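J.: Can you read through this structure? Questions will come right after.
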Amino acid sequence: MRVRTTALIAAVGSLALLTGCGAADMTKQASPFANAQGAKSVTLSVQSWVGAQANVAVAQYLLEHELGYRVDTVQVDEVPAWDALSQGRVDALLEDWGHPEQEQRYVKDKKTIAPGGGLGVTGHIGWFVPTYFAKKHPDITNWKNLNKYADQFRTPESGSKGQLMDGSPSYVTNDKALVKNLKLDYQVVFAGSEAAQITQMKQFAKEKKPFLTYWYSPQWLFKKVPMTEVKLPEYKEGCDADLEKVACAYPHTPLQKYLNADFAKNGGKAAAFLKKFKWTTEDQNEVSLMIADKKMTPEDAAKKWVDSHKSTWKKWLS
């Protein structure tokens, strides 16, 4: 993936690439490429987790090599990405895990953002333990038994309580409320980013130590570190409406794409292509694994996937 960071930074006055744990407010950063009248260019928002990077890598590769567009990417946190999309600082967001408040404000009320269709992937957030620990202690998979094992999950960061490891504070998470409302003897500890969380989990797994972590699918790490979900109280529609009182599991969420409304209407072949961009969990994991585990560049990973999945992506161009 050829991320033209240098040109973008120069054009907007030292705009830094953003990480999941320290993103600037993109509503105050203007990309000179997004919504440029007559310019054959597209600016894509890319989140910090590797699955989102895989989406963008493949979309960017095809936009550049098949449709002749210049593509720029800006990494930005989940909520600020909606603000940036609404104001035309970016043209498209390819993976949203559900932000009802932003959807109401920008899609339904202001109509500055247009739905771009489903990504084809269903996302699910949950709490997981390594399968080697679940096999030894099968009852750990019921949340009611978590306090029984809290001592085994203690870390220096969690003090006298068990550690529930989260990634970035910017991600969709109800974990602090869940710990409180389910009366669990645990402390939520943020690793800071997906990469840092993966490093910690791989180290725990290498030493066969127990850990309890917020995690999500699709995610390539399941192939390297098998994990078993801890069943939280059943999710029912509306059970998470009050984020302070939430005491239920996370939903299974069909991931969605969103486009700037003007771009959706006037973005030509690029907009049409992004609306049709739809692949499977297996496709995304295949590219993610190449980027995160095999250390391929996003562009090389995208090229490898594109070369072997012509029948899939050809439909996006028709």
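J.: Only one residue in Tyr214, Tyr186 is of a type in the set (Phe, Trp, Tyr), in contact with a strand residue (DSSP E or B) (Cβ under 6 Å, 6 or more places away or on another chain), under 22 Å from Gly98 (Cα atoms) and at pLDDT 95 or above, so which one is that? Lay out the reasoning, then the answer.
T.: Details: Tyr186 fails: under 22 Å from Gly98 (Cα atoms).
The match here is Tyr214.
J.: Right, another one. For Val246, all conditions in the list (1) surrounded by 15 or more Cβ atoms within 10 Å (Cβ to Cβ); (2) at pLDDT 95 or above; (3) farther than 23 Å from Lys144 by Cβ hold save one; what is the number of the exception?
T.: (3)
Here is a yes/no grid of residues against (1) surrounded by fewer than 20 Cβ atoms within 10 Å (Cβ to Cβ); (2) of a type outside the set (Val, Ile, Thr):
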position	(1), (2)
Thr199	yes, no
Lys202	yes, yes
Leu212	no, yes
Trp215	no, yes
Glu229	yes, yes
Leu255	no, yes
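J.: Can you confirm whether Gly159 is open to solvent by 10 Å² or more (accessible area, probe 1.4 Å), at positive phi and either within 21 Å of the chain's Cα centre (by Cα) or β-branched (Val, Ile, Thr) (or both)?
T.: Values: open to solvent by 10 Å² or more (accessible area, probe 1.4 Å): yes; at positive phi: yes; either within 21 Å of the chain's Cα centre (by Cα) or β-branched (Val, Ile, Thr) (or both): no.
Answer is no for this residue.
J.: For the stretch 140-155, how many residues are free of Cβ contacts under 8 Å to residues at least 24 places away in the same chain and open to solvent by 50 Å² or more (accessible area, probe 1.4 Å)? I'd like the intermediate steps shown before the answer.
T.: Let us first name the residues in the stretch 140-155 that are free of Cβ contacts under 8 Å to residues at least 24 places away in the same chain, namely 144-145, 148, 151, 154.
Checking which are open to solvent by 50 Å² or more (accessible area, probe 1.4 Å) leaves us with 144, 148, 151, 154.
The number of residues fulfilling the criteria is 4.
J.: Moving to a separate point now. Can you work out which of the residues in the stretch 82-108 that are in a helix (DSSP H, G or I) and either touching a Cys at 6+ places or on another chain (Cβ under 6 Å) or modelled with pLDDT under 95 (or both) is most open to solvent (accessible area, probe 1.4 Å)? Before you say what the answer is, go through the steps one by one.
T.: Start the filter on the stretch 82-108 by keeping residues that are in a helix (DSSP H, G or I), which leaves 82-86, 100-108.
Subset that is either touching a Cys at 6+ places or on another chain (Cβ under 6 Å) or modelled with pLDDT under 95 (or both): 100-101.
Working: Pro100: 100, Glu101: 119 Å².
Taking the candidates together, the pick is Glu101.
J.: Continuing with the same structure: Looking at (1) in a loop (DSSP other than H, G, I, E, B); (2) open to solvent by less than 40 Å² (accessible area, probe 1.4 Å), which is the only condition Lys111 fails?
T.: (2)
J.: Across the stretch 64-81, what is the number of residues that are under 21 Å from the mean Cα position of the chain (by Cα) and not in a loop (DSSP other than H, G, I, E, B)? Walk me through it before giving the result.
T.: Taking the stretch 64-81 and keeping what is under 21 Å from the mean Cα position of the chain (by Cα), we get 71-81.
Then keep just the ones that are not in a loop (DSSP other than H, G, I, E, B); that gives 71-75, 78-81.
Qualifying residue count for the region: 9.
J.: Among the residues of the stretch 148-167, are any in a helix (DSSP H, G or I) and touching an Asp or Glu at 6+ places or on another chain (Cβ under 8 Å)? Give the derivation first.
T.: Of the stretch 148-167, the ones in a helix (DSSP H, G or I) are 148-153.
Still in the list and also touching an Asp or Glu at 6+ places or on another chain (Cβ under 8 Å): 148, 150.
Yes, the conditions are met somewhere in the stretch 148-167.
J.: Among the residues of the stretch 249-260, is there at least one that is without any contact (Cβ under 8 Å) to a residue 24 or more places away in the chain and within 30 Å of Lys135 (Cα to Cα)? Lay out the reasoning, then the answer.
T.: Step one: filter the stretch 249-260 for residues without any contact (Cβ under 8 Å) to a residue 24 or more places away in the chain, giving none.
No, the stretch 249-260 contains no residue that is without any contact (Cβ under 8 Å) to a residue 24 or more places away in the chain and within 30 Å of Lys135 (Cα to Cα).
J.: Separate question: Name the pairs whose Cβ atoms lie under 9 Å apart, with the first residue in the stretch 278-303 and within 14 Å of Phe222 (Cα to Cα) and of a type outside the set (A, V, I, L, M), the second outside any helix (DSSP H, G or I) and open to solvent by 60 Å² or more (accessible area, probe 1.4 Å), and 6 or more positions between them or separate chains?
T.: If the second residue must be outside any helix (DSSP H, G or I) and open to solvent by 60 Å² or more (accessible area, probe 1.4 Å), the pairs left are Thr281/Thr122.
J.: Which residues, counting only those in the stretch 119-138, are open to solvent by 40 Å² or more (accessible area, probe 1.4 Å), of a type in the set (Ser, Thr, Tyr) and more than 14 Å from the chain's Cα centre (by Cα)?
T.: Tyr132
The values are calculated or read from the model by the stated rules, or taken from the named source; none is laboratory data. Only a predicted model underlies this, so the values are computations on that prediction, with no experimental measurement involved. Here Cβ is always computed from backbone atoms with ideal geometry, including for glycine, and neighbour counts include all displayed protein chains. The accessibility values were calculated without ligands, DNA or RNA, using every heavy atom of the protein model including side chains. Shrake-Rupley method; radii C 1.70, N 1.55, O 1.52, S 1.80 Å.
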